[in-house]
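Structure record follows, encoded as structure tokens.
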Amino acid sequence: GENVEQHPSTLSVQEGDSAVIKCTYSDSASNYFPWYKQELGKGPQLIIDIRSNVGEKKDQRIAVTLNKTAKHFSLHITETQPEDSAVYFCAASRAITGGGNKLTFGTGTQLKVEL
Amino acid sequence: EAQVTQNPRYLITVTGKKLTVTCSQNMNHEYMSWYRQDPGLGLRQIYYSMNVEVTDKGDVPEGYKVSRKEKRNFPLILESPSPNQTSLYFCASSRGTGVGYGYTFGSGTRLTVV
């Protein structure tokens with residue numbers, strides 16, 4: 001099955017700096033890569049996603065890049081703010097037998113933005 | 001407001017005492033799923049359902065049951081809970097199961113089995 005590795009497990013940055021979280025996946029059939037943000041006491045929330053036919057996607061201060069050849073994808077947050085502090089999960093999705101898609105999550109990155 | 005509602009938020013129970021965690025969504029989503037979240041392991045899928053009366057095992061189904069009698073509800077049943085099922089549980093739903101459908105998660109249920 002699919003295996004998604006995520007690094008680092010914790011990341012501390014100064015407010016205004018950039019943060020980068022990296023993930024690798026094992027199954028070349030994976031074709032959709034969402035990122036989720038989980039704030040304390042809440043469920044994960046989708047913040048950005050990318051499909052396998054796209055190399056980069058941007059949404060204001062957040063961007064995601066995908067390298068299909070290397071099976072790497074990354075989340076980039078620029079001009080970090082205290083409200084960016086949260087746990088971030090990457091995920092990879094692929095079609096499964098019988099229809100539908102299976103989403104496999106990484107192990108999460110605790111991002112702390114310090115004042 | 002479009003949402004996935006889980007109850008209860010917190011639950012402490014004893015080994016062997018059957019319990020049910022409820023999950024309901026108001027978005028008319030076809031797909032629903034249960035995950036457990038454990039430190040260092042991320043989110044692991046327990047069971048999922050692609051539509052009413054259609055359920056299937058995820059990666060860690062042992063010790064759990066589910067049912068999908070109505071589109072909006074997808075309860076998680078622990079027939080005989082054990083301490084290794086102490087975890088944070090999330091229900092999620094999605095409009096479809098094709099590529100690109102994002103998940104909406106509930107707020108979680110923290111379960112402790114003593």
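The values are calculated or read from the model by the stated rules, or taken from the named source; none is laboratory data. Since the model is a prediction, treat every value here as computed from it, not as a measurement. Cβ placement follows ideal geometry from the backbone for every residue including glycine, while neighbour counts extend to all protein chains displayed.
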Out of B:V14, B:V99, B:V52, report the one residue that is facing chain A (nearest Cβ under 10 Å), surrounded by fewer than 20 Cβ atoms within 10 Å (Cβ to Cβ) and β-branched (V, I, T). B:V99
Going through region A:1-32 in order, the residues found to be closer than 22 Å to A:R94 by Cβ and modelled with pLDDT of 95 or more are A:V4, A:E5, A:Q6, A:H7, A:I21, A:K22, A:C23, A:T24, A:Y25, A:S26
Condition test on A:T107, is it assigned to a loop (DSSP other than H, G, I, E, B), in contact (Cβ under 8 Å) with a residue 24 or more places away in the chain and within 9 Å of chain B (Cβ to nearest Cβ)? yes
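Yes/no per residue for (1) outside any strand (DSSP E or B); (2) surrounded by fewer than 20 Cβ atoms within 10 Å (Cβ to Cβ); (3) within 9 Å of chain B (Cβ to nearest Cβ); (4) hydrophobic (A, V, I, L, M, F, W, C):
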| position | (1), (2), (3), (4) |
| --- | --- |
| A:E5 | no, yes, no, no |
| A:D27 | yes, yes, no, no |
| A:N53 | yes, yes, no, no |
| A:A63 | no, yes, no, yes |
| A:T69 | yes, yes, no, no |
Residue in region B:35-46 that is farthest from the other protein chains (Cβ to nearest Cβ), counting only those that are in a strand (DSSP E or B) and closer than 11 Å to B:S87 by Cβ: B:I46
Filter region A:5-55 for residues that are among the aliphatic types (A, V, I, L, M), touching a Phe, Trp or Tyr at 6+ places or on another chain (Cβ under 8 Å) and free of Cβ contacts under 8 Å to residues at least 60 places away in the same chain; which is nearest to B:F105 (Cα to Cα)? A:L46
Any idea which residue in region B:72-96 is farthest from the chain's Cα centre (by Cα), counting only those that are surrounded by fewer than 16 Cβ atoms within 10 Å (Cβ to Cβ) and charged (D, E, K, R)? B:R95
Check whether at least one residue in region B:55-70 is surrounded by 15 or more Cβ atoms within 10 Å (Cβ to Cβ), within 10 Å of the chain's Cα centre (by Cα), closer than 11 Å to B:L111 by Cβ and not basic (K, R), and report yes or no. no
The residue from A:V13, A:V20, A:V113 that alone is touching a helix residue (DSSP H, G or I) at 6+ places or on another chain (Cβ under 6 Å) and either in a strand (DSSP E or B) or surrounded by 13 or more Cβ atoms within 10 Å (Cβ to Cβ) (or both) is A:V113
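Checking the conditions here, which among B:L88, B:L78, B:L111 is within 14 Å of another protein chain (Cβ to nearest Cβ) and at pLDDT 95 or above? Spell out the reasoning first.
On the way: B:L78 fails: within 14 Å of another protein chain (Cβ to nearest Cβ); B:L111 fails: within 14 Å of another protein chain (Cβ to nearest Cβ).
From the options B:L88, B:L78, B:L111, the qualifying one is B:L88.
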